[in-house]
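For reference, the structure discussed in these notes is given below.
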Amino acid sequence: MADYLTIDVGGTSIKYALMNENAEISEKGEFDTPMEEGLDGFLKTLKTIYDYNGKSASAMAMSAPGRIDAANGYFYTSGALGYISGVNLKEKLQEIIPLPFVVENDAKAAALAELWKGSMQGVSNGIVMTLGTGIGGAVIIDGKLYRGSTFAAGEFSGIPTNMTSFPYDFNGMWAVPNSVRKLSSNYAEAIHMDPAKCNGRVLFEAANKGDATALQVIDDYCKLLAGGIMSLQFALDVQKVAIGGGISKQPLLLTSLKKQIHSYYDAAQKAGMPASIPEVTSCTFGNDANMIGALYHYLYEMKK
């Protein structure tokens with residue numbers, strides 16, 4: 001059974017894994033993401049991963065941040081890794097690594113993993129949403145990942161929370177009130193704690209012990225999140241929404257979110273709006289999701 005070298009590029013680290021065609025991992029590791037070294041340093045790191053771990057691989061499949069043309073490996077944008085913007089990475093790598101190469105946006109790769117072997121199996125229309133420093137996401141239509149006309153579908157972070165605010169207000173975009181950092185800072189403010197000492201772990205430890213303030217902060221966060229999800233639901237009418245990111249593994253979050261979505265739905269029904277309500281669940285995969293999705297992209301979307 002062939003091995004594939006899968007890569008997940010992040011702002012802090014570049015993870016790699018050797019996987020077989022069933023996404024079973026035989027080896028994995030990570031390197032620091034080059035920043036000051038720029039594109040040359042980035043390519044050198046990928047070459048090092050290949051030299052020591054990938055020479056027996058049949059192909060290299062990567063996930064990375066940015067607006068990416070997954071059909072040819074061109075980066076229109078690249079998030080924090082500005083040195084890849086405007087670069088055809090596939091062409092660059094073909095000069096130094098003798099493997100077939102594909103790349104997909106990281107959030108879209110996570111959605112492909114869920115579609116292949118996770119919570120979105122068998123779903124025709126759905127949304128995958130990852131909660132972190134922003135709101136990553138992807139849209140599935142007719143059982144396939146929808147990339148959009150300019151490969152930007154699923155960029156939920158930039159959705160405005162106030163439709164009457166004009167022109168565009170950066171502080172009013174959806175990523176601001178529903179970032180994990182904002183969630184923990186809201187709790188810190190409520191209990192007069194130094195925000196630097198508060199994080200999601202501190203919040204959910206308190207909430208799981210029944211702390212009323214922590215529970216209220218989570219409910220308030222989920223009210224905003226539910227409003228955004230139901231706005232997408234009016235437009236897309238999906239069957240299921242899968243929530244990813246570290247906090248998605250907290251049962252309290254999913255319980256509160258489902259409650260708030262049902263409240264929103266009930267109010268819309270009373271107002272005579274033709275609302276539907278999606279099933280809400282957590283994503284199956286954690287840190288390996290992007291690499292699994294990148295492998296799916298190679299095996300089932302790009303491999304001829």
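Condition first: without any contact (Cβ under 8 Å) to a residue 12 or more places away in the chain, surrounded by fewer than 20 Cβ atoms within 10 Å (Cβ to Cβ), touching a Ser or Thr at 6+ places or on another chain (Cβ under 6 Å) and not aromatic (F, W, Y). Can you find one or more residues in the range 67-84 that meet it?
Yes, some residue in the range 67-84 is without any contact (Cβ under 8 Å) to a residue 12 or more places away in the chain, surrounded by fewer than 20 Cβ atoms within 10 Å (Cβ to Cβ), touching a Ser or Thr at 6+ places or on another chain (Cβ under 6 Å) and not aromatic (F, W, Y).
Would it be correct to say that I96 is surrounded by 19 or more Cβ atoms within 10 Å (Cβ to Cβ) and touching a Leu at 6+ places or on another chain (Cβ under 9 Å)?
no
Which one of A212, A190, A206 is surrounded by 18 or more Cβ atoms within 10 Å (Cβ to Cβ) and modelled with pLDDT of 95 or more?
Of A212, A190, A206, the one residue that is surrounded by 18 or more Cβ atoms within 10 Å (Cβ to Cβ) and modelled with pLDDT of 95 or more is A206.
How many residues are in a helix (DSSP H, G or I) and closer than 26 Å to K108 by Cα when one looks only at the range 49-62?
Looking only at that region, the number is 4.
Across the range 1-34, what is the total count of residues that are touching a residue at least 24 places away in the same chain (Cβ under 8 Å) and out of contact with any strand residue (DSSP E or B) (no Cβ under 7 Å at 6 or more places or on another chain)?
Residues meeting the conditions: 5.
Scan the strands (runs of 3 or more DSSP E) fully inside the range 63-164 and keep the ones with 3 or more residues being among the aliphatic types (A, V, I, L, M) and out of contact with any strand residue (DSSP E or B) (no Cβ under 7 Å at 6 or more places or on another chain).
Strands (runs of 3 or more DSSP E) meeting the threshold: none at all.
The values are calculated or read from the model by the stated rules, or taken from the named source; none is laboratory data. Since the structure is predicted, the reported quantities are computational estimates derived from the model, not experimental observations. A quick note on method: Cβ atoms are made from the backbone with ideal geometry, for glycine too, and the neighbour counts reach across all protein chains shown.
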